[in-house]
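Engineer: The following block contains the structure, expressed as structure tokens.
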Amino acid sequence: MHSTTSEPPAPGPRTAEAPLPGTTEQALKITVLGGFGVGKTTLVRSVSEIRPLDTEETMTRAGAAVDDLEGVEGKRATTVAFDFGRITLDATAVLYVFGAPGQERFWFLWDRLFAGSLGAVVLVDTRRLEESWYAIDRLEAQGTPFVVAHNDFGETSHGLDEVRAALDLDPAVPLVRCDARERDSAKQVLISLVRHVRSLVAARSAR
Amino acid sequence: MSGAHRHEGPDRLYVITSGRSGGADESLDAVTLVVAESEAVPGMQSEHAEILRLCRNPTAVVEVSAHLRLPVAVVRILLTDLLDTGRITARHPRPAPSPAQPLASPDVLEKVLVALHNL
């Protein structure tokens, strides 16, 4: 995959060895967005109960979503890869965690695959902060709740204040530090997102 | 990335869908859960048979895509065939957050939080 970190051995059973309960009715999504090498795949792997899966979606060269396969048939189509893992919530619900590139040219994936996400994580590292600007703008514009997670691979050379300033991040958007390789750390990122969404729900109903 | 189909030309994908270029059921979300309602039968298109085997337990559309190593757009067409003939059923996500109602319900959020804490 695109991560520049050395990946730990893939944990967890393959999905065929860990089928969902037959009673599962509801699937939810969280999307992890970020540039290449920032650790999206690593984060997904850290929280997933199955070995993460990867697949792809097709797009035309013009970047338009292909709801039909005209592009596949005649014109040249290209594909964008993304990966995902899952967390079984209970006997009736499951959460899918997607890792996807957040740059502008990949954004068509959002409407096709990630619409309806309960929220998003924008994963950044300080080498390529600019790769996350577009995703942050777009999430703000569409009103999708999100948090920003600074993946520092266990090193803390930058202060979060510097990162927040460099991203020009709205003070209301949580910014957390994480080491995407660590399950506990990756899990805390998702928890901070869900708590953020919960506070937005509470604020909305208080109005 | 490892998708075997990435070495296959567009023609191959076109053959898998029997030349169709659209008509997928629009309600099939990336995480719609697919459940087989019948067994594969001899003579069935191999991709259809594979889906029925895979979906004995609820399986999300993206998981079907990953296992078949076919793009999501192609899988949606194949799933629509099986839906139309009653060989599978689909459990769609509850009314997804929308511009009018962009946030998940408190009950759902609590459920997710509990599961994450227990991870």
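Engineer: Ignoring solvent entirely, what values of log10 I(q)/I(0) come out of the Debye formula for segment B:27-74 at 0.13, 0.19, 0.25 Å⁻¹ when each Cα is a single scatterer?
Structural biologist: -0.27, -0.57, -0.93
Engineer: Applying 1/(1 + (r/R0)^6) with R0 = 41 Å to the Cβ-Cβ distance of B:Asp11 and A:Gln142, what FRET efficiency is obtained, to the nearest 0.05?
Structural biologist: Once rounded, the FRET efficiency stands at 0.65.
Engineer: To the nearest 0.05, what FRET efficiency results for B:Asn118 and B:Arg94 with a Förster distance of 22 Å applied to their C-beta separation?
Structural biologist: Rounded to the nearest 0.05, the efficiency is 0.50.
Engineer: Using only atoms on other chains, find how many Cβ atoms lie within 10 Å of each Cβ of peptide A:79-87 and report the average.
Structural biologist: Partner Cβ neighbours, averaged per residue: 4.
Engineer: How fast does segment A:15-206 diffuse by Stokes-Einstein, in µm²/s, taking the Kirkwood radius from C-alpha pairs at 25 °C and 0.890 mPa s?
Structural biologist: 141 µm²/s
Engineer: Right, here's the next one. Give me the one-decimal nm value for the distance between modelled label points at A:Asp170 and B:Glu37, 7 Å along each residue's Cα-to-Cβ direction.
Structural biologist: Computed distance between label sites A:Asp170 and B:Glu37 equals 4.3 nm.
Engineer: For segment B:108-114, just list the computed ³J(HN,Hα) in residue order, Karplus coefficients 6.51, -1.76 and 1.60, θ = phi - 60°, integers in Hz, with x standing in for Gly and Pro.
Structural biologist: 5, 5, 5, 4, 5, 4, 4
Engineer: Separate question: Express the relative contact order of segment B:4-117 as a whole percentage, based on alpha carbon pairs under 8 Å and six or more residues apart in sequence.
Structural biologist: Worked out over segment B:4-117, it gives 30 percent.
Engineer: Quick one: 3J(HN,Hα) in Hz for segment A:45-54, Karplus 6.51/-1.76/1.60 with θ = phi - 60°, rounded, Gly and Pro as x.
Structural biologist: In residue order, the calculated couplings are 4, 5, 9, 6, 7, 10, 4, x, 10, 10 Hz.
Engineer: Related question: To check you understand DSSP bridge types, tell me what percent of the beta bridges within segment A:15-206 (both residues inside) are antiparallel, rounded to 5.
Structural biologist: 40 percent
Engineer: OK, next. At 20 °C and 1.002 mPa s, grab the translational diffusion coefficient of segment B:4-117 from Stokes-Einstein with a Kirkwood Rh over Cα pairs, rounded to a whole number in µm² per second.
Structural biologist: Here the translational diffusion coefficient equals 138 µm²/s.
Every number in this text was worked out from the coordinates using simple rules, so none of it is lab data. Keep in mind that this is a model prediction, so the values were computed, not measured. Glycine gets a Cβ as well: all are built from the backbone with ideal geometry, and neighbour counts include every protein chain shown.
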